[in-house]
1. From the phi of every residue in the stretch 55-71, what ³J(HN,Hα) in whole Hz does the Karplus formula 6.51 cos²θ - 1.76 cosθ + 1.60 yield, where θ is phi - 60° and glycine or proline is x?
2. Based on the alpha-carbon gyration tensor of the stretch 1-129 and its eigenvalue square roots a ≥ b ≥ c, which shape applies: rounded if a/c is under 1.5, prolate if not and a/b is larger than b/c, or oblate?
3. Leaving out ligands and nucleic acids, and using a 1.4 Å probe, what accessible area per residue does the stretch 154-208 come to in Å²?
4. From the Cα trace of the stretch 90-213, what convex hull volume per residue do you get, rounded to a whole Å³?
5. Could you please report the charge total around Leu166, scoring K, R as +1 and D, E as -1 over all other residues with beta-carbon less than 15 angstrom from its beta-carbon?
6. May I ask for the net charge around Glu176, where only other residues with Cβ less than 13 Å from the Cβ of Glu176 are counted and Lys, Arg are +1 while Asp, Glu are -1?
7. Loop-only check: which trypsin sites (Lys or Arg not before Pro) in the stretch 93-157 are DSSP coil with at most 13 other Cβ within 10 angstrom?
8. Which ³J(HN,Hα) values, rounded to whole Hz and listed in residue order, are derived for the stretch 80-96 from phi using the Karplus coefficients 6.51, -1.76 and 1.60 in 6.51 cos²θ - 1.76 cosθ + 1.60 with θ = phi - 60°, glycine and proline given as x?
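The values are calculated or read from the model by the stated rules, or taken from the named source; none is laboratory data. Keep in mind it's a predicted model, so treat the numbers as computed, not measured. Virtual Cβ from ideal backbone geometry, glycine too; neighbours counted across all protein chains shown. Keep in mind that these areas ignore ligands, DNA and RNA; they rest on the heavy atoms of the full protein, side chains included. Shrake-Rupley method; radii C 1.70, N 1.55, O 1.52, S 1.80 Å.
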Amino acid sequence: IVTIDGTAYKDVGVRFRGNSSYRMVPTGFKRSFNLAFDFAHPDQQVGGYNTLYLLKANSDPTFVRTVLYSEIARNYIPIPKVNFVRVVINGESWGIYLNAQQFNKDFLRHVYGTTGGVRWKVPGSPRGRGGLEYLGDGVEPYTAIYELKSKETDKAWTDLVRLCRLLNTTAPEHLEAVLAPHLDVEAALKFLALEVVFVNTDGYWTRASDYSL
């Protein structure tokens, strides 16, 4: 049972989340959680959301970097919302967590007013080849790097391959015009600027993995 502001939610699915943020935490210290309110009851939600990320702010003792990024970046690009929550497990306080909106259909509905469109996840990888690198016209090399989180279609994959090809094979003087029908160039530049300004140590520009598209 998960209780939020006095309201109880039954049969909520709970698991640890994160990769390096999970493995880097010593035994006995708090870890990040994923809460699935629709785990056993498909219609169960909290505040209109099916799932919650509770993040332990790994490598950030101030606990404010993610919240500041979300608050400022939202003025320029669509970005998940973040707030602070206090977590108590079986009567024991686990302290402050960051509650981050997930990049899923709830996010699409909130930002775009629709759940349509294609969503990708690039899992964290030390090899880091998920930076829209062109790996040839065949789909198979991309399926090992990119996870299609929306409906599986051939068009989704061919569109991804085409974007990678255009990014990597177009002459610089023609790049903006060629990319315009396939990529929101202005939004992409804003995203990159925010990543640099806030010194994001994970994601697209740092390690070419562990980000969403």
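1. 9, 8, 6, 4, 6, 10, x, 7, 6, 10, 4, 5, 5, 4, 4, 4, 5
2. Values: a/c = 1.44, a/b = 1.07, b/c = 1.35.
In terms of gyration-tensor shape, rounded.
3. Numbers: 3460 Å² over 55 residues.
Result: 63 Å² per residue.
4. Working: hull volume 20.7 nm³, N = 124.
Hull volume over Cα atoms, normalised by residue count, gives 167 Å³.
5. Details: positive: Arg162, Arg165; negative: Glu133, Asp137, Asp159, Glu173, Glu176, Asp184.
Spelling it out: positives minus negatives among the neighbours equals -4.
6. Values: positive: none; negative: Glu173, Asp184, Glu186.
Charge balance in the 13 Å sphere: -3.
7. Values: sites: Lys105, Arg109, Arg119, Lys121, Arg127, Arg129, Lys149, Lys151, Lys155; in loops: Arg119, Arg127, Arg129, Lys149, Lys151.
Taking the stretch 93-157 and a limit of 13 other Cβ atoms within 10 Å, the loop trypsin sites (Lys or Arg not before Pro) found are Arg127, Lys151.
8. x, 7, 9, 9, 9, 9, 9, 10, 10, 10, 6, x, 9, 6, 9, x, 7
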